[in-house]
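Read the structure below first, then the notes.
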Amino acid sequence: MRGTLETIVGAMFAGKTSELLKRILWAEHQGKKILVIKPKIDNRYSEELISTHNNLSHECFSMINWQEVKLKFIINKSNYEVIFLDEVQFMDSKETIETVEKFLNKGIDVVCSGLDQDSRGKPWETSSLLLGLADKITKIYGFCNVCGLEATKTYRKIEGGSRTQVGAANIYEPRCLQHWEPR
């Protein structure tokens with residue numbers, strides 16, 4: 001039987017990793033065999049942990065690419081029942097989709113989380129492709145740092161820089177549509 005794909009998306013500070021952690025803890029409580037992976041580029045808090053902005057965390061494998069994962073782990077249904085992916089927007093689109101499809105075809109469930117848009121309001125390709133394949137989608141909203149209303153956007157406090165600029169509250173904050181502008 002094919003595995004299921006769940007995708008959790010939203011702006012920064014919406015609670016995506018917290019939601020992923022909730023699912024990880026539930027899978028562990030059920031005694032499921034799991035693997036947690038994130039891209040190595042996300043080194044804000046720790047290389048060996050997925051971490052929320054309020055310091056909740058779980059051990060993970062920090063990958064450079066999918067080849068590295070294939071060399072380190074034997075991924076089949078008897079070894080892993082659920083694979084959790086955090087910060088999917090930073091993962092290579094083509095390789096991630098191909099790899100996730102292989103996991104699903106082996107009967108392994110996949111739960112992933114990441115940003116759906118960058119600070120300029122443009123969709124992240126990997127997140128968009130995973131959303132298109134998802135059996136279940138959870139979109140999470142934060143609270144606007146200006147007015148407190150529902151925040152759907154990530155606002156970059158400093159102008160310029162590359163699209164991929166890993167950071168936290170020092171660079172980004174959640175904003176509603178009224179108080180957001182692309183940067």
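Computed quantities for the displayed model
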{"quantity": "Around Ile50: net Lys/Arg minus Asp/Glu count, Cβ-Cβ under 10 Å", "calculated": "-4"}
{"quantity": "Sequence-distant aspartates and glutamates (8 or more away, or on other chains) whose Cα lies within less than 14 Å of Lys153", "calculated": "Asp116, Asp118, Glu173, Glu181"}
{"quantity": "Three-way shape call for the stretch 84-183 based on the alpha-carbon gyration tensor, with the a/c threshold at 1.5", "calculated": "prolate"}
{"quantity": "Fraction of accessible area attributable to carbon and sulfur, the chain (%, probe 1.4 Å)", "calculated": "52"}
{"quantity": "Dipole of the stretch 24-121 [Lys/Arg +1, Asp/Glu -1 at C-beta], most positive-end residue of Val88, Ile37, Asn76", "calculated": "Asn76"}
{"quantity": "Residue pairs, from the table Lys33/Lys70; Lys38/Lys102; Lys22/Lys122, whose Cα atoms sit over 20 Å apart", "calculated": "Lys22/Lys122"}
{"quantity": "Length released on extending from Thr4 to Gln178, taking residue separation times 0.36 nm less the Cα-Cα span", "calculated": "59.0 nm"}
{"quantity": "Options (1) 1.06; (2) 1.49; (3) 1.01 - which one matches Cα Rg over 2.2 N^0.38 Å as calculated here", "calculated": "(3)"}
{"quantity": "Options Gln67, Asn55, Leu129, ranked by Cα towards positive dipole end of the stretch 1-158, top entry (Cβ charges)", "calculated": "Leu129"}
{"quantity": "Cβ-defined net charge surrounding Lys102, 11 Å radius [Lys, Arg +1; Asp, Glu -1]", "calculated": "-1"}
{"quantity": "Sum of -39500 (n - 2.57) over DSSP H runs of 4+, divided by residues of the chain (222 nm, nearest 500)", "calculated": "-7000 deg cm²/dmol"}
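The values are calculated or read from the model by the stated rules, or taken from the named source; none is laboratory data. Here the structure is a predicted model, which is why all the values come from computation and not from measurement. Positions of Cβ are generated from backbone atoms using ideal geometry, with glycine treated the same way; all protein chains shown enter the neighbour counts. Surface accessibility is based on the protein's heavy atoms, side chains included, excluding ligands, DNA and RNA. Shrake-Rupley method; radii C 1.70, N 1.55, O 1.52, S 1.80 Å.
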